[in-house]
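A short write-up of the structure that comes next.
The values are calculated or read from the model by the stated rules, or taken from the named source; none is laboratory data. Nothing here was measured: the structure is a model prediction, and the numbers come from that model. Backbone-built Cβ (ideal geometry, glycine too); neighbour counts: all protein chains shown.
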Amino acid sequence: MSYQINIDEVDVDGAVREAAEEVSGDTRLSFLTKAGVGAAGVMSGGAVLSALAPTAFAAGGGRPPASFGKGDIGILNYALTLEYLEAAFYNGATAANLPLSTQASVFLKVVTKDENAHVAFLKKALGSKAAKEPKFDFKGANTNAEMFLKTAQVLENTGVHAYSGQALNIKKGAYVKAAVSILTIEARHASVIGLLNDPSGEMIAPDGPFDTPFTAAEVLAAVKGTGFIVG
């Protein structure tokens with residue numbers, strides 16, 4: 001049994017936009033929209049995360065909606081969907097042979113390996129219950145060096161917020177251990193890309209000494225806002 005999840009009917013309201021972490025003065029969603037990667041995808045109606053009513057996000061503790069699966073399975077499928085997105089983004093950037101600095105090239109090599117490993121791990125853990133991989137259109141965000149660096153920062157910080165938002169909702173000890181181990185890697189990625197983008201160090205820990213967990217509703221709305229998932 002596999003899950004195909006859709007967030008096409010989720011209401012992306014101002015509160016979610018404000019909750020999204022700022023990147024150089026812009027929220028995640030406004031940054032991506034200004035870059036030309038948001039609006040068309042939001043309105044297309046073709047996203048693979050489909051047909052969830054806004055009330056589907058009423059689950060306690062900010063859990064993913066039930067369409068991802070029950071309990072821990074739902075949380076793992078939620079994580080897998082985000083990892084599919086990241087892995088596809090970095091695979092495309094690698095294939096594009098971007099003109100990056102030496103350090104940025106090293107970042108891309110390492111993070112591509114890590115995100116694909118996360119996908120493989122979660123798919124194995126879920127087995128037949130694993131969500132299907134969506135189709136993506138990154139609208140040039142991973143084939144232009146400047147856009148790649150900015151978008152990578154958005155995606156990595158979103159991953160940190162997403163995993164921290166679900167860690168305490170997981171019941172099975174082995175899954176908690178796996179989620180926390182992935183969370184720390186996402187945080188390492190986020191810190192490195194933050195420093196590459198802003199040598200002042202302000203983006204190493206953009207939330208300050210304490211990170212902000214995001215609910216599944218906030219994260220899924222932000223993902224929808226990018227327009228990257230198209231089928």
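Can you tell which of K109, K177, K123 is among the basic types (K, R) and in contact (Cβ under 8 Å) with a residue 24 or more places away in the chain?
Details: K109 fails: in contact (Cβ under 8 Å) with a residue 24 or more places away in the chain; K177 fails: in contact (Cβ under 8 Å) with a residue 24 or more places away in the chain.
Result of the check over K109, K177, K123: K123.
Could you check how many residues of segment 187-231 are aromatic (F, W, Y) and either touching a strand residue (DSSP E or B) at 6+ places or on another chain (Cβ under 6 Å) or surrounded by 15 or more Cβ atoms within 10 Å (Cβ to Cβ) (or both)?
Initial filter on segment 187-231 (aromatic (F, W, Y)): 210, 214, 228.
So of that shortlist, the ones also either touching a strand residue (DSSP E or B) at 6+ places or on another chain (Cβ under 6 Å) or surrounded by 15 or more Cβ atoms within 10 Å (Cβ to Cβ) (or both) come out as 214, 228.
Adding up the residues that qualify gives 2.
Residue-by-condition table, conditions (1) over 24 Å from S105 (Cβ atoms); (2) in contact with a helix residue (DSSP H, G or I) (Cβ under 6 Å, 6 or more places away or on another chain); (3) basic (K, R):
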| site | (1), (2), (3) |
| --- | --- |
| A131 | yes, yes, no |
| M147 | no, no, no |
| H161 | yes, no, no |
| G173 | yes, no, no |
| I182 | no, yes, no |
| E186 | no, yes, no |
| H189 | no, yes, no |
| V192 | no, yes, no |
| L195 | no, no, no |
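Filter segment 183-204 down to residues that are within 15 Å of Y90 (Cβ to Cβ) and of a type outside the set (A, V, I, L, M) and give me whichever is nearest to the chain's Cα centre (by Cα).
Initial filter on segment 183-204 (within 15 Å of Y90 (Cβ to Cβ)): 185-186, 188-190, 192-193, 196.
Then keep just the ones that are of a type outside the set (A, V, I, L, M); that gives 186, 188-189.
Working: E186: 10, R188: 15, H189: 13 Å.
Looking at residues that are within 15 Å of Y90 (Cβ to Cβ) and of a type outside the set (A, V, I, L, M), I get E186.
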Checklist entry - If a residue has to be within 13 Å of I229 (Cβ to Cβ) and outside any loop (DSSP other than H, G, I, E, B) to count, how many in segment 129-151 make the cut? => result 1
Next on the checklist: If I go through segment 177-231 residue by residue, how many of them are among the β-branched types (V, I, T), modelled with pLDDT of 95 or more and part of a helix (DSSP H, G or I)?
Outcome noted: 7
Next on the checklist: It is to be established whether one or more residues within segment 141-153 are touching a residue at least 60 places away in the same chain (Cβ under 8 Å) and β-branched (V, I, T).
Outcome noted: yes
Checklist entry - List, please: which pairs have Cβ atoms under 7 Å, are six or more places apart or on different chains, and start with a residue in segment 195-212 that is on the phi < 0 side of the Ramachandran plot and end with one that is of a type in the set (K, R) and outside any loop (DSSP other than H, G, I, E, B)? => result N197/K150
Checklist outcome for this item: Within segment 74-115, of all residues that are buried (at least 18 other Cβ atoms within 10 Å of the Cβ) and β-branched (V, I, T), the one nearest to T212 (Cα to Cα) is I75
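How many residues does segment 137-186 contain that are basic (K, R) and crowded, with 18+ Cβ neighbours inside 10 Å?
The first filter runs over segment 137-186 and keeps only residues basic (K, R), leaving 139, 150, 171-172, 177.
In the following step, the residues that additionally are crowded, with 18+ Cβ neighbours inside 10 Å were identified as 139, 150.
The number of residues fulfilling the criteria is 2.
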